[in-house]
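S.K.: Have a look at the structure that comes next, please.
The values are calculated or read from the model by the stated rules, or taken from the named source; none is laboratory data. Because the structure is a prediction, the values reported are computed rather than measured. Cβ placement follows ideal geometry from the backbone for every residue including glycine, while neighbour counts extend to all protein chains displayed.
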Amino acid sequence: MQLHNLKPAEGSVHKVKRVGRGEGSGGTTAGKGNKGQQSRTGYQSKKGFEGGQMPIQRRMPKRGFKNMFRVEYTVFNLGQLDTIIEKYEIKEFNLDNLYMNGLITRTDLVKILGGGEMSKTDLKFVVNAISEKAKSAIEAAGGTVEII
């Protein structure tokens, strides 16, 4: 195989039809149909415009409520912490260590909840939020908690 022998597959390349260049190109309207706004130059249609018919986003009923001030946390339970600390060999449970190991994204907020049991001791936790049950369990195990 050499570069000058390479060709596209048979039938994969089509000739481009040059529309609007006289009778030989297949007619006078250049594939735009007859008359009307869309056949004129400079035509633009708005996004979602359906020719005057009521658009679908206005026909659908409005449902629910989205709170723009909601704070979303990435949640870790006490039961998960042992496996995470062993798997990634974390000495200090903070946002940088979690980000470096791919557990959160750069902008995530982290909250620790009290579900499960934790056997590791003497760990430092630097997180955005923590539940009371999780805080008391960590401090009982000899760890420290710092809230950012």
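S.K.: Is it the case that residue 38 is part of a helix (DSSP H, G or I) and more than 28 Å from residue 134 (Cβ to Cβ)?
M.R.: So residue 38 fits the description; yes.
S.K.: Can you name every residue in the stretch 1-16 that is in a loop (DSSP other than H, G, I, E, B) and modelled with pLDDT of 85 or more?
M.R.: Hits for the stretch 1-16 are 2, 6, 7, 8, 9, 10, 11, 12, 13, 14, 15, 16.
S.K.: Pairs, please: C-beta under 7 Å, at least 6 apart or cross-chain, first residue under 30 Å from residue 135 (Cβ atoms) and touching a residue at least 24 places away in the same chain (Cβ under 8 Å) and in the stretch 59-78, second assigned to a loop (DSSP other than H, G, I, E, B) and among the aliphatic types (A, V, I, L, M)?
M.R.: Once the first residue is under 30 Å from residue 135 (Cβ atoms) and touching a residue at least 24 places away in the same chain (Cβ under 8 Å) and sits in the stretch 59-78, its partners that are assigned to a loop (DSSP other than H, G, I, E, B) and among the aliphatic types (A, V, I, L, M) give 74/104; 78/118.
S.K.: Could you grab me the full set of residues in the stretch 91-148 that are under 12 Å from residue 76 (Cα atoms) and of a type in the set (Val, Ile, Thr)?
M.R.: 104, 110, 112, 127, 130
S.K.: I've got another one for you. Name every residue in the stretch 118-148 that is under 12 Å from residue 81 (Cβ atoms) and surrounded by 12 or more Cβ atoms within 10 Å (Cβ to Cβ), in order of residue number.
M.R.: Hits for the stretch 118-148 are 118, 120, 123, 125, 127, 130, 134, 137, 138, 141, 143.
S.K.: Let me spell it out: the conditions are (1) closer than 26 Å to residue 112 by Cβ; (2) surrounded by 10 or more Cβ atoms within 10 Å (Cβ to Cβ), and residue 89 meets all of them except one. Which number is the exception?
M.R.: (2)
S.K.: Here's another thing I want to ask about it. Which members of the stretch 87-114 meet the condition of being free of Cβ contacts under 8 Å to residues at least 40 places away in the same chain and in a helix (DSSP H, G or I)?
M.R.: 87, 88, 96, 97, 98, 99, 100
S.K.: Something else: Output the residues belonging to the stretch 56-86 that are assigned to a helix (DSSP H, G or I) and not small (Gly, Ala, Ser).
M.R.: 56, 57, 58, 59, 78, 80, 81, 82, 83, 84, 85, 86
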